[in-house]
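Step one of this worksheet: look at the structure below.
None of the figures in this text is laboratory data; all of them are computed from the coordinates on show. Here the structure is a predicted model, which is why all the values come from computation and not from measurement. Positions of Cβ are backbone-derived with ideal geometry, glycine not excepted, and every protein chain shown enters the neighbour counts.
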């Protein structure tokens, strides 16, 4: 990789590279301060995205062609692929929202059940 390519990747490191650590830390933080956790997460994400948007350069020239093709929605392989992606997305992320309640129903202590999302995210390190 040339030094020019390495310079291009540097601005994207904070939002991409710290996602795993922030996910675990904010999961534990959210268990302690539930009321403010969504606001704090939003502020942190907003700051990181603003930084990335300001310092990231555009790699390829812009194309003037239409980006949205209505004719694609008439092709069955495209429709079935998108439906499969939607089902996979629901299957992957829906358990994250219900893991704490499920843990409580199965007899886990309420303190440990609140940390289930952070525990679920820990293997991403």
Note to self: If R₀ is 25 angstrom, what is the calculated FRET efficiency for the pair residue 74 and residue 99, using the beta carbon separation as r and rounding to 0.05?
What the structure shows: 0.05
Check: For segment 31-125, what does the alpha-carbon gyration tensor say about shape, rounded, prolate or oblate, given a ≥ b ≥ c as the root eigenvalues, a/c under 1.5 as rounded, and a/b over b/c as prolate?
Finding: oblate
Check: What is the Cα coordinate range of segment 68-109 on the first, second and third principal axes, sorted by size from largest, in whole angstrom?
Finding: 53, 17, 9
